[in-house]
1. Under a no-solvent Debye model with one identical scatterer per Cα of region 174-307, what's log10 I(q)/I(0) at q = 0.12, 0.13 Å⁻¹?
2. Tell me, what is the FRET efficiency for LYS261 and GLU174 to the nearest 0.05, using R0 = 45 angstrom and their Cβ-Cβ distance as r?
3. In the chain, what percent of the accessible surface is made up of carbon and sulfur (1.4 Å probe, ligands and nucleic acids excluded)?
4. Which whole number of Å³ per residue matches the convex hull of the alpha-carbon atoms in region 27-69?
5. Find the Rg to Rh ratio for region 88-235, where Rh is the Kirkwood radius over alpha-carbon pairs and Rg uses the same atoms.
6. Rg and Dmax in Å for region 45-106, alpha carbons only: what are they?
7. Relative contact order for the chain using alpha-carbon pairs under 8 Å, separation at least 6, rounded to a whole percent?
8. Counting each DSSP H run of 4 or more residues in the chain as -39500 (n - 2.57), what helix-only mean residue ellipticity at 222 nm follows after dividing by all residues, to the nearest 500 deg cm²/dmol?
Amino acid sequence: MSFAELWDSLLDIGRDPATGGYRRYSFTAADAACRAWFMKTAAERNLRTHSDRNANLWAWWDGPGAAGPAIITGSHLDSVPDGGAFDGPLGVVSAFAAVDLLRERGFTPARPVAVAAFCEEEGGRFGMACLGSRLLTGAVTPETARELRDGAGVTFAEAMAGAGLDPAGLGADEELLARIGAFVELHIEQGSALDGLGAAVGVAESIWPHGRWRLDFAGRADHAGTTRLDDRRDPMLPYAAAVLEARQAAATAGALATFGKVVAEPGAANAISSAVHAWLDARAPGQEVLDHVVGLIEAAARRAAQSQGVEVGVRRESFTPRVEFDQALRDRVSRALAGRGIAAPVLPTGAGHDAGFLAARLPTAMLFVRNPTGVSHSPAEHATRTDCEAGVVALAAVLEELTSP
Ligand code: GLV
Ligand code: MN
Ligand code: MN
């Protein structure tokens, strides 16, 4: 099957007709359809499938002659609210397409190959990014994961059970990890560096440390038309101070800081809010800079809250330390690509990936596919068909290199 046919077979699942963005949240109907697509796509290729104890999906190509530690490739199928088509799915579709390409060429891997799709990579429903790969590698405890709640108060454990999966088994899976030799994740670039360099494909060097913080401002609801300004305890004001400080501190430090989600309670246009809940996403090239930026934002929020008689609570919901991808594997990937005439620049990224968590336990590498505008986490995210096909060729080359006798 061509890349285009495979791509199109997934394209309509979970797409909102009004925005054109994807709403593929874990354990919803859209997620069930994505999981069914994965299983069907694998079955059509005679790949052995299973859902692991952490709701990650696996499709194994481990025919006769394949022995030793497996080479894993894949990504995720969930999305941010109104995400693009490529972030995650490009890596999964390309993985199946690379298997097809290798088989068409008559290649027989000397090691098992598996395609993986990790659960809740975006943290779009339960707030913690890369939850499936964190659980698999023991970077989060099953107890913490079970109790994560979505916006409606449903726990991860309840949602998982609702999807017919057993949350009792959640947790690090040493047996599965022991079967894996290396992981290679292909992903759309979430920036436009490759476009600037005139390359269709790149190789990841590192991931910036990054995290999410929840800020809860508690004030006092009151009438917008009668409450004197001096008598207000308006939580929106310290929230606004935090937003402005985020921009200022990030700009000064060479970091990134974003408030992309805010909930005002009770949400009346003619009332002072009783509470504001806001989520900060902050990223920087190094840990010290990140700590400094988040510290400035928190201090600004606390100062402004105090001056307005507002209570503020700050809680880190999710964190990923800096990741350096395995140098030896990266060099091997680069050599394999160069040997086939593929020029693939090496790039750092500020985006988080399951590969970042697997990198703590296994040699891990990433391939990026050019994104001409750099736009991501948006329906406007795009890669050309030609570049996607170049990504499949590059991934197949890497799998061939890593699984040759
Ligand atoms: C995932 O795409 C992230 O970087 O938040
Ligand atoms: Mn993403
Ligand atoms: Mn992604």
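The values are calculated or read from the model by the stated rules, or taken from the named source; none is laboratory data. Just so we're clear, the structure is a prediction, and the values are computed from it rather than from any experiment. Here the Cβ is made from the backbone with ideal geometry for all residues, glycine too, and neighbour counts use every protein chain on show. Ligands, DNA and RNA are excluded from the accessible area calculation, which covers all protein heavy atoms including side chains. Shrake-Rupley method; radii C 1.70, N 1.55, O 1.52, S 1.80 Å.
1. Scattering profile of region 174-307, log10 relative to I(0): -0.65, -0.71.
2. Working: r = 35 Å, r/R0 = 0.78.
The pair LYS261/GLU174 has a calculated efficiency of 0.80.
3. Numbers: 8670 of 16340 Å².
After summing per-atom areas, the C and S share lands at 53 percent.
4. Working: hull volume 2.8 nm³, N = 43.
That works out to 65 Å³ per residue.
5. Numbers: Rg = 22.4 Å, Rh = 19.7 Å.
Dividing the radius of gyration by the Kirkwood radius yields 1.13.
6. 13.5, 44
7. On the way: 928 pairs, mean separation 88.8, N = 405.
The value is 22 percent.
8. Working: 13 runs with 148 residues, N = 405.
Taken over the chain, the calculation gives -11000 deg cm²/dmol.
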